[in-house]
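Working notes, beginning with the structure itself.
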Amino acid sequence: MQKTQDITASMAAESASQSTSPLTPLTSAGSQSKEIKHHPSFEPIQSHRIESLNLVLHEFRHSKTGALHYHLEADNSENVFLVAFRTVPMDSTGVAHILEHTALCGSKKYPVRDPFFMMIRRSLNTFMNAFTSSDWTAYPFASQNKKDFNNLLDVYLDAVFFTRLDEMDFLQEGHRIEFMEADNPDTELEYKGVVFNEMKGAMSSPVSVLWQEVSKYLYPTSTYHYNSGGEPQDIPDLSYQQLKDFHRIHYHPGNAVFMTFGDIPAFEHQRKFEQQALSQFEKLDRTISVSPEKRYLAPIAVEEAYAYDVVGEETIEEKTHHVISWLLGPCTSLDEMMKANLLSQVLLDNSSSPLRHALEKTDLGAAPSPLCGLEDSNYEMCFLCGIEGSKVESASEFEKLVLDVLNDVATNGIAEEKLEAVLHQLELSQREVGGDHYPFGLQLILHALTAAIHRSDPATLLNLDPVIDTLRESIKDPEFIKNLVRELLLDNQHRVRLTLRPDDSLSQRKDDAEKERLAKIKAALSEKDRSDLIQRAAILAERQTQQDNPDLLPKVGLEDVPAEVKIPQSIQKKLADISVTTYQQGTNGLVYHEIVCELPALSTEEKSLLPYFSACLTELGCGDKNYLQMQEWQSSVTGGVHAAQSIRACTDNTQSLQAYYLFSGKALQRNNTKLAELMSATTKNVRFDEYERIAELITQMRTQRERSVTGNGHTLAMTAAASGMSPVAALNHQFGGLVSIQAIKILDDSHTDKINVERTAKYFASIYQKIQQSTKSYMLVLEADKEDDILAGFESIWASQSTTMQKDSSMSHFVLPEIHTQVKQMWIANTQVNFCARAYATVSMEHKDTAALAVLGGFLRNGFLHTAIREQGGAYGGGASHDANIAAFKFFSYRDPRLSETLDDFDRSIEWMLKTDHESRQLEEAILGVIGSMDKPSSPAGEARAAFYNALHERTPEKIQAYRQRILAVSMADLKRVTEKYLQQGTPSTAVITSASTLESSGNLGLEVIHL
Ligand SMILES: [Zn+2]
């Protein structure tokens, strides 16, 4: 759910919610000798082996302060550290969030202004960030290099326990007032501050507002009532003293939870915790916790508004959200949590689940709400469901719809095989080794953190196997689910129905209120106040340009970089009729199938519908099954099947490309043959006659895409700016960029006439038919010791099919026209913050200059853009990067209050690069950054898939290794040369995303204005 703020813009969704279980202790009480070695300042509490995750969880307590340490001992060299504090603010000033930022602005041992971002550059970390959630603040990092891990640990421990909390940092990160022209007291006042702007951006997302409003009513008296990230209108109420007080109470070891994962022994961690921090603290005399919520005795219905700035011709009539939520029991009760999880999955898992089915089919709204499911990280859990794209007056009809479904389940129950499918999903998600978005160890830690924060047992949260067995027994009783839906939902009076309606003048009123507040402050300023403000702004600006001595911080260097990049090796297996590429990886009992076809030539219409075709393909019926039956089939034997196109430029020429079509699926090993059977059906028998379903899916996609702008605006702006550089760049814009948002609106609107839905379906069928005729190849990711069985099962399905391995020479390939055009666009969207992007044409992967261009991106960000755009400009983020796939060098800003000034900063960074004498340290840091991102591990299956698709697109291990060598050899002269050649002498393409009101005040900056 939308409840966590982070310090850098790299946040992905938290791992899917799971549940809890009882555990058998690894060592019985008294057999202390078997316990893991620990530091004498800590005492062991318990140890549990968790079979399904192949790790041992140890719990320790620091004797003097009571700090907790959970160590997940695993044979994994990507070690993870996290320290979390319970933070339970009772207002919306964002105190916990501003503290999270300010704590990372220098400490006793590391008195530099910005150790967090300085360390990012001097490290081989695979993850660094800081999070503020609704009831905790956490500082995690991960690294595969032990020296690096210990460097980061030193800096993190000092940052959280011995932070300086300089008032200047509070002003920079939190909030302050300045004159619009900082040295001119005749200009208006304005609010500035990183968190202030960050939250303006975050709260311009309707889904964030929706979650905040639901919480406000569902939790009337506890900390969840407030916005821990901070509401822009409340942030200025926070004083520096309040920030310091909050730190003193909350950032104490007695309120801390340490969590570690990996192969570094617990003892080593504890020695550092003790020596560098804990030994200097006494016991804390107060306990921070969340108390149970006051319960409503009857359901309530409320209405709130969110700001919606109308763009172009659109109307706001159908932009209303309705959500119903129930407050459930505490997440510390394993039993409650498990049952709630089961019920939530039964109701919402897929399109054939009763509640999701109703929310998808209803004409009351366009799509199910993004807030659907169980939220189990707050102390007391809640269950939510809703619709978006609705009308205000549909509220009670919507409520009736939901209650009717629940009553039906309470009366008629759910078929046992459907319940079994849900348990199968829980089992599969428990077993799957993740790590594609977050380090795997961090996923586990974040999952277990809720229990640790609320003083329950994290071990139970990490092991589902025993509890799934218990539930398998429970569901045999037909009354079980019926009782559950009554007990948790129908009879539960703490229920809130929220209607969130759009208000097209709310952002104007908010602006006016802010201006009025500032005008009052200004009117009350004395002569001295005014000169103080001017002086303070000057000091802050001066301070931001100061270079701290980087030698105050520990570092790793190029000497610590491994010589080679690790790429999983494939094995070719010749079976009787087919040839299969396999990768042997530690998948923990799962198997992954990939069927690859060459993408054939498509007509213009087919091409424009390809992304929608892909999104719909595995959501439709197949053979004699309708889509609901297909959803049930998928849910009972797989962990999901997907279809997608994979189109990349050639490595030596970005104007030409290679295109494939993929079918992917995963399953528990015992379902290997069933998965093959299902995927075979998906490549052969998909039906395109379910017109209503197709129209519904397109509408759901549209609502998703429309709200993607505030979270993903920088990518959308960069994709637009680069869209004239190469055919693949143009296609990215067409398939996933701003143009695609316009296109899906038009497509969806056209579907009000059923003839047009049939037309879409007809094109889908013709794309499908062409793909079927193309050559297929096969790839499997599996565990070595199961290989023979898996291959035999796979072959039994696929070999019987008359797939010709001979290339059909008459088939023509997917091609796109060459393109070289300059882009100058200003996109007007419903947003309160801006996103700026600029792109320059460069060269493809094999060209000798790509290495220098890749290093240049980090060099400009570290040395110039971060300071200019984030620290001074007040944006949440800004940077530059090279994309060899589309041959473009791209600048961007993220959630930016400025527009033309940021574009000027992009230009100034080029000048800075060319005219400044730089230190060799800066070059080393930029190279480390590129190498670090190349070496970032992902999941075992994800690494195999990446290797396979890289090889398919001619990014062979040899080419990747050679590229890595060229990165390591980049010199300062190379950087200046490519800056001059591609940027200074290049033609910039520009795209920005902004609001109608900014267009009004700033003009179009010479850009073409396009309404989204
Ligand atoms: Zn933040």
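Observations on the structure shown:
- In plain terms, the chain is cut at each of the trypsin sites (Lys or Arg not before Pro) found in a DSSP loop with at most 13 other Cβ atoms within 10 Å, and the longest leftover piece is 567-806.
- Cα-derived Rg over Rh, computed across the range 856-1012 with Rh taken as Kirkwood radius: 1.02
- Geometric extent, Cα atoms of the range 57-175 - Rg, Dmax (angstrom): 15.0, 45
- Over the chain, relative contact order from alpha-carbon pairs under 8 Å, at least 6 apart, %: 14 percent
- Here the range 69-192 has 47 percent of its accessible surface on carbon and sulfur atoms, given a 1.4 Å probe and all protein chains in place.
- Distance between the range 884-963 and the range 174-211 - C-alpha centres, whole angstrom: 30 Å
- Going by accessible surface with a 1.4 Å probe and the largest first, Tyr612, Tyr763 read Tyr763, Tyr612.
- Dipole magnitude of the chain, debye to nearest 20 (Cβ charges: Lys/Arg +1, Asp/Glu -1, about Cα centre): 1320 debye
- Separation of the alpha carbons by more than 28 angstrom is noted, of Lys418/Lys754; Lys109/Lys146; Lys482/Lys666; Lys666/Lys776; Lys192/Lys528, for Lys418/Lys754; Lys482/Lys666.
- Antiparallel DSSP beta bridges within the chain, as percent of all bridges there, nearest 5: 80 percent
- Dipole check for the range 200-247: with +1 at the C-beta of Lys and Arg, -1 at the C-beta of Asp and Glu, and the Cα centre as origin, the magnitude is about 100 Debye.
- With 5 Å bins from 0: P(r) over the range 227-305, alpha-carbon pairs, percent: 3, 9, 12, 14, 14, 13, 12, 10, 5, 4, 3
- Based on the reciprocal of the average 1/r between different C-alpha atoms, the Kirkwood radius for the range 650-774 equals 17.3 Å.
- With kT/(6 pi eta Rh) evaluated at 37 °C and eta = 0.692 mPa s, and Rh the Kirkwood radius from Cα pairs, the range 745-857 diffuses with a coefficient of 155 µm²/s according to Stokes-Einstein.
- In Å, descending, principal axis extents of the Cα set of the range 724-804: 51, 35, 22
- Between the alpha-carbon centres of the range 490-524 and the range 640-694 there is a gap of 45 Å.
- In the chain, helices alone account for a calculated mean residue ellipticity at 222 nm of -13000 deg cm²/dmol, with every DSSP H run of four or more residues adding -39,500 (n - 2.57).
- The range 760-786 versus the range 360-374: alpha-carbon centroid distance in Å: 31 Å
- Hydrophobic, long helices, defined as DSSP H runs whose alpha-carbon span along the helix axis is 24 Å or greater and whose mean Kyte-Doolittle value is at least 0.0, occur in the chain at 395-412.
- Kirkwood hydrodynamic radius computed over the chain comes to 30.1 Å, based on all pairs of distinct alpha carbons.
- The three principal axes of the Cα atoms in the range 181-227 give end-to-end lengths of 47, 22, 15 Å, sorted in falling order.
- Its relative contact order, with pairs defined as Cα atoms under 8 Å and 6+ residues apart, puts the range 96-239 at 25 percent.
- Across the range 841-948 the C-alpha pair distances fall into 5 Å bins from zero in the proportions 2, 11, 19, 19, 20, 15, 7, 4, 2, 0 percent.
- Relative pair counts by distance (%), Cα atoms of the range 112-245, 5 Å bins: 2, 8, 14, 16, 17, 15, 13, 9, 4, 1, 0, 0
- Surface analysis of the chain yields an accessible area of 38 Å² per residue, using protein heavy atoms and a 1.4 Å probe.
The values are calculated or read from the model by the stated rules, or taken from the named source; none is laboratory data. As the structure is a prediction and not an experimental result, all values here were calculated from the model. For neighbour counting, all protein chains shown are included, and Cβ atoms are generated from backbone atoms with ideal geometry for every residue, glycine included. Ligands, DNA and RNA are stripped out before the accessible areas are found, and what is left, the full protein with its side chains, is counted by its heavy atoms. Shrake-Rupley method; radii C 1.70, N 1.55, O 1.52, S 1.80 Å.
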